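To start, the structure under review is shown below, and the notes come after it.
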Amino acid sequence: MESDGGDGSDVGGITLDEGGITLDEVRHVARLARLDLSDDEIITLQGELSALLEHVDKVRRLDTADVPPTAHPLPLSNVLRADEVRPGLDRDAVLAAAPAVEDHRFLVPSILGEAP
Amino acid sequence: MSTSGASGGMHLLDRGVRAIAAAIRSGEASAISVIEEALRRIDEHEGRLHCFNLLTPDAAREAATNIDEAVARGVDPGPLAGVPVALKDNLCTKGVATTCSSKILAGWEPPYDATVVRRLREAGAIAVGKTNLDEFAMGSSTENSAFGATRNPWDVTRVPGGSSGGTSAAVAGGLVATGLGSDTGGSIRQPASLCGVVGIKPTYGLVSRYGLIAFASSLDQIGTFAVNVGDAAATLEVIAGHDPADSTSLDRPAPSLLRGLEDGVEGLRVGLIGDFLGDVASACAKAADDAGEALASAGAKVEQVSIPEMLLGLPAYYIIAPAEASSNLARYDGVRYGLRVEGPDAETMNARTRAAGFGPEVRRRIMIGTYALSAGYYDAYYGQALKARTLVIRAFEAAYERFDVLLSPTTPSAAFKLGSKTANPIEMYLSDLCTIPSNLSGHPAVSVPFALDPEGLPVGVQVLAPALGEALMLRVAATLEAVAPAAARGPVPLGDVNSQAGVS
């Protein structure tokens, strides 16, 4: 079982100590979550997330041998429909909501470093 | 200013969903007169209560006129003809701003209607506006709104609960007859309890989530508010039922909920969940105890039951819900809609937009969810929480072998003061202690007003039922409603705000 986190798990090369979350780890998670947070916010979140992790520790430590996970309340498998052409949303109406548009497409800043 | 609904003759608006629809359908009253009264009350009280993010009076008047014309022509105007409704502002309304009380969506106008919005309109109900919520439905007080807190009509220094606090306060204040909310961990039932109204969270899948802006998709469910059980059920009947646009909506006909509502509880087996009683205010525990006695007096077999797994609900939820939220809210990236804060490259633009657009609670939940799903911690947190969810479901299943319905407090306390829990997120999270297990299991639950606490604030009790047990659950709730003091439920006289409401 890998159910006792804080076992030196590797997160971006950072090791989490038992019962807490490091500042570097908060920064790493903020990067994963695409949140540009200030240093003050990182420090506040370190305390808040550590407190919450302590609160949920009961779940982490639960003996769950032979208990299957439940990800969804309904026992649904694939829900299929006929492969029929149906009208979608109006393109112009959708694009009208976008912050920036060019030639009927969403416009974003460069993704791979310097623009050509 | 005169007060509305507080004294003098009772306006049709105060007689509830079914009475309003019946009067309008028969031509005894006009839809426009009811809508004008709702708009007049909103005009008078909205400044103090802040139930709404947006009002749509012109569209409401136009819809009312159309209903009155339909009645005059002999065309069926629908089962909820002319009933003023409030829509939580996380339900998409075509061409009408939908914000989730977040800066990241401010000004966005959805290109489509949520299925529930369409069904209400087709049934003749008239939306008067979009109600305030905790940002993206994350909270228990409606204080986490980017547009300011909603206040409890029983006492404007107190919260209405949340996250569906705007709808709950609007119904409790008599501004509308019914309304929609969404319930991911208690966001319908908890504000209903704090505002002295009925709030139903249906079985997961009974109501289409198409057009409900997602928070935690395996937990979210749309439900209804009204001042009495039958009216909340009448609205639910209209919005329930299969929708091909939501693949998780149950493929079965919508159940009849009003028939049998008054049939009583003779012989029903009721389990009073004992495990919460030590963790809630004495008034809330007493209300649940008294409700058990009331059901016993009405002929039910009531027994206290210990279900210790219920207490796993809260910690499991605070892993599962943020994990799902961190995934669902990844779509707010400044590309297709809403806010954008520019940056030199796409990732910087995404991160700046999200930091500027999301409030502190949403950021907190995204962070914890991202952490719980990240490499190295997925099994320890998210995986374990999903197994705890199984244990909660199994415990419910075992309990329902012995009992037809379960009973518990809805909330750990009555309405608390604005600002009293905002500094401590975990204390706020505890507000959903008793309501979360039903979201994990997908089972229905309802909060029904049952008592007043020593300060004169309303206290609800919760009736829980197995999947698709709504009809039985509502029958039990109606039985409790019949013996509860009338002063414990809305609409509260708004002329008396800040006084000890309900005390005559």
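A short reminder: the numbers here are calculations on the coordinates, not readings from a lab. Predicted model only: the values in this text are computed from it and were never measured. Using ideal geometry, Cβ is built from the backbone for each residue, glycine included, and neighbour counts are taken over all protein chains shown.
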Most exposed first by the Cβ proxy, i.e. fewest other Cβ within 10 Å, how do B:Tyr382, B:Tyr204 rank?
B:Tyr382, B:Tyr204
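Mind ranking B:249-258, A:68-77, B:13-22, B:456-465 by how tightly packed they are, going by the mean number of other C-beta atoms within 10 angstrom, highest first?
Numbers: B:249-258: 16.3, A:68-77: 13.0, B:13-22: 21.3, B:456-465: 28.2.
Highest mean packing first, the order is B:456-465, B:13-22, B:249-258, A:68-77.
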Over all Cα pairs of segment B:169-281, how is the pair count split among 5 Å bins, expressed in % and running from 0 up to the last occupied bin?
2, 11, 18, 19, 20, 17, 9, 3, 0
Of all the Cα-Cα pairs you can form in segment B:51-104, what percent are over 15 Å apart?
56 percent
Once the Cα gyration tensor of segment B:121-211 is diagonalised, what are the square roots of 5 times its eigenvalues, in whole Å and ordered largest first, as equivalent ellipsoid semi-axes?
20, 15, 13
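Could you pull out the GluC sites (Glu not before Pro) across segment B:212-269 that fall in loop regions by DSSP (anything but H, G, I, E, B) with no more than 13 other Cβ atoms inside 10 Å?
Working: sites: B:Glu237, B:Glu262, B:Glu266; in loops: B:Glu262, B:Glu266.
Loop-located and lightly packed - B:Glu262, B:Glu266.
Quantify how strongly other chains surround peptide B:344-357 by giving the mean number of their Cβ atoms within 10 Å of each of its Cβ atoms. All intermediate terms of the calculation are to be shown ahead of the outcome.
On the way: counts 5, 8, 6, 5, 3, 8, 5, 7, 3, 4, 6, 8, 2, 0.
Mean inter-chain Cβ contacts per residue within 10 Å come to 5.
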Cα shape, the protein assembly as shown, gyration tensor, a/c 1.5 rule:
oblate
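Would you mind estimating how fast segment B:2-107 diffuses translationally, via Stokes-Einstein at 37 °C and 0.692 mPa s with the Kirkwood radius over Cα pairs, in µm²/s? Let's see the in-between values first.
Numbers: Rh = 15.1 Å.
Result for D is 217 µm²/s.
Please sort through the DSSP H helices of chain B and keep those with an alpha-carbon extent of at least 18 Å along the long axis and a Kyte-Doolittle average not below 0.0. Please list the in-between numbers first.
Details: long enough: B:31-49 (26 Å, -0.34); B:57-73 (24 Å, -0.55); B:282-297 (22 Å, 0.16); B:313-328 (21 Å, 0.32); B:360-373 (20 Å, -0.02); B:384-402 (28 Å, -0.09); B:470-483 (20 Å, 1.19).
Taking the DSSP H segments of chain B (at least 18 Å long, mean hydropathy at least 0.0), we get B:282-297, B:313-328, B:470-483.
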How far apart, in nm, are two points set 7 Å out from the Cα along the Cα-to-Cβ line at B:Ser306 and at B:Glu36?
6.3 nm
Under 1.5 on a/c is rounded, so check that first for chain B, then, if it is not, pick prolate when a/b is larger than b/c and oblate when it is not; a ≥ b ≥ c are the square roots of the alpha carbon gyration tensor eigenvalues.
rounded
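Counting other beta carbons within 10 Å of each Cβ, put B:Cys284, B:Cys100, B:Cys195 in order, fewest first. The partial results should precede the final answer.
Details: B:Cys284 27, B:Cys100 30, B:Cys195 37.
So the ranking, lowest neighbour count to highest, is B:Cys284, B:Cys100, B:Cys195.
May I ask you to list the trypsin sites (Lys or Arg not before Pro) in segment B:371-433 that are in a DSSP loop and have at most 10 other Cβ atoms within 10 Å of their Cβ?
Those that pass, being in a loop and sparsely packed, number zero.
How high is the FRET efficiency from B:Ala254 to B:Ser217, r the C-beta distance, R0 22 Å, rounded to 0.05?
On the way: r = 21 Å, r/R0 = 0.98.
My answer for the efficiency is 0.55.
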Using the count of nearby Cβ atoms within 10 Å as a rough guide to exposure, how do B:Asp453, A:Asp83, B:Asp58 rank from fewest to most?
A:Asp83, B:Asp58, B:Asp453
Quick check: residue separation of B:Ser297 and B:Glu262 times 0.36 nm, minus the Cα distance between them. What number comes out in nm?
11.0 nm
I'd like the distance separating the alpha-carbon centroids of segment B:197-231 and segment B:17-64, in whole Å.
22 Å
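What number results when the radius of gyration of segment B:304-407, computed over Cα atoms, is divided by 2.2 N^0.38 Å?
Details: Rg = 18.7 Å, N = 104, 2.2 N^0.38 = 12.8 Å.
Against the compact-globule rule of thumb, the ratio is 1.46.
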Pairs from B:Lys201/B:Lys387; B:Lys103/B:Lys201; B:Lys130/B:Lys421; B:Lys88/B:Lys201 whose Cα-Cα separation, in the structure shown, is over 20 Å
B:Lys201/B:Lys387; B:Lys103/B:Lys201; B:Lys130/B:Lys421
Just subtract the alpha-carbon distance of B:Ala281 and B:Ser26 from 0.36 nm times their residue separation and send over the number in nm, one decimal.
87.2 nm
